[in-house]
1. Are there helices (runs of 4 or more DSSP H) fully within the range 75-145 with at least 3 residues that are over 18 Å from Leu38 (Cβ atoms)? List them.
2. Give the residue, chosen from Ala63, Ala24, Ala34, Ala40, that is in contact (Cβ under 8 Å) with a residue 60 or more places away in the chain, surrounded by fewer than 17 Cβ atoms within 10 Å (Cβ to Cβ) and either acidic (Asp, Glu) or part of a helix (DSSP H, G or I) (or both).
3. Kindly indicate whether any position in the range 38-45 is under 24 Å from Arg138 (Cα atoms), in contact with a Leu (Cβ under 6 Å, 6 or more places away or on another chain) and modelled with pLDDT of 95 or more.
4. Filter the range 99-123 down to residues that are under 19 Å from Thr47 (Cα atoms) and among the β-branched types (Val, Ile, Thr), then give me how many there are.
Amino acid sequence: MTRPLQVDPRGLRFSAALTSVVLAAALLAPRPVALVLLAAQALVFATGASGRFDLSPYGRVFARVVRPRLGAPSELEDARAPQFAQGVGLAFTLVAVVALAAGLDVVGLVATGFALVAALLNAVVGFCLGCETYLVLRRLAPARA
């Protein structure tokens with residue numbers, strides 16, 4: 001059995017902060033600009049949901065610019081919960097993109113708003129809503145033999 005991928009939780013919070021900026025800008029921007037911002041954020045989420053945090057644009061900025069100034073982390077985190085959270089973020093941004101493209105502005109804005117709230121929770125106080133959802137689902141799932 002292989003050991004799960006480990007990630008620096010500071011990088012996850014940094015990514016959540018950048019995500020918050022992009023999502024807030026999408027809420028304030030005209031529809032065409034919001035669509036571009038949300039599509040770009042969906043690609044970032046897709047990279048994280050694939051488990052390749054090292055290929056994420058935000059992860060690369062953190063690894064090359066921020067982490068060298070902070071030093072090594074005191075602890076690492078199992079990547080499975082953040083990977084699930086990235087998938088949830090991807091789902092919300094895809095709903096927002098499709099809704100805005102179809103002219104369903106309220107649905108698109110609400111989906112973007114939900115993603116923004118989750119990103120802000122992680123960025124500001126370190127509470128990853130998607131990660132906690134993953135852990136609850138793991139506890140509720142029947143144990144494998």
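1. Details: elements: 80-101, 105-120, 129-140.
Once the helices (runs of 4 or more DSSP H) in the range 75-145 are filtered for at least 3 residues that are over 18 Å from Leu38 (Cβ atoms), what remains is 80-101, 129-140.
2. Values: Ala63 fails: in contact (Cβ under 8 Å) with a residue 60 or more places away in the chain; Ala34 fails: surrounded by fewer than 17 Cβ atoms within 10 Å (Cβ to Cβ); Ala40 fails: in contact (Cβ under 8 Å) with a residue 60 or more places away in the chain.
After ruling out the rest, the residue left standing is Ala24.
3. Step one: of the range 38-45, the residues under 24 Å from Arg138 (Cα atoms) are 45.
Of the ones still in play, those that are also in contact with a Leu (Cβ under 6 Å, 6 or more places away or on another chain) are 45.
Those left that are additionally modelled with pLDDT of 95 or more: 45.
Yes, there is a match, as at least one residue in the range 38-45 is under 24 Å from Arg138 (Cα atoms), in contact with a Leu (Cβ under 6 Å, 6 or more places away or on another chain) and modelled with pLDDT of 95 or more.
4. Number satisfying all stated conditions: 1.
Results for (1) hydrophobic (A, V, I, L, M, F, W, C); (2) farther than 18 Å from Ala91 by Cα, shown as yes or no for each residue.
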| site | (1), (2) |
| --- | --- |
| Leu5 | yes, yes |
| Phe14 | yes, yes |
| Ser20 | no, no |
| Ala25 | yes, yes |
| Pro32 | no, yes |
| Leu37 | yes, no |
| Gln41 | no, no |
| Phe45 | yes, no |
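The values are calculated or read from the model by the stated rules, or taken from the named source; none is laboratory data. All figures in this text were calculated on a predicted structure; none of them were measured in a lab. All Cβ positions, even for glycine, are placed from backbone atoms using ideal geometry, and neighbour counts span all protein chains on display.
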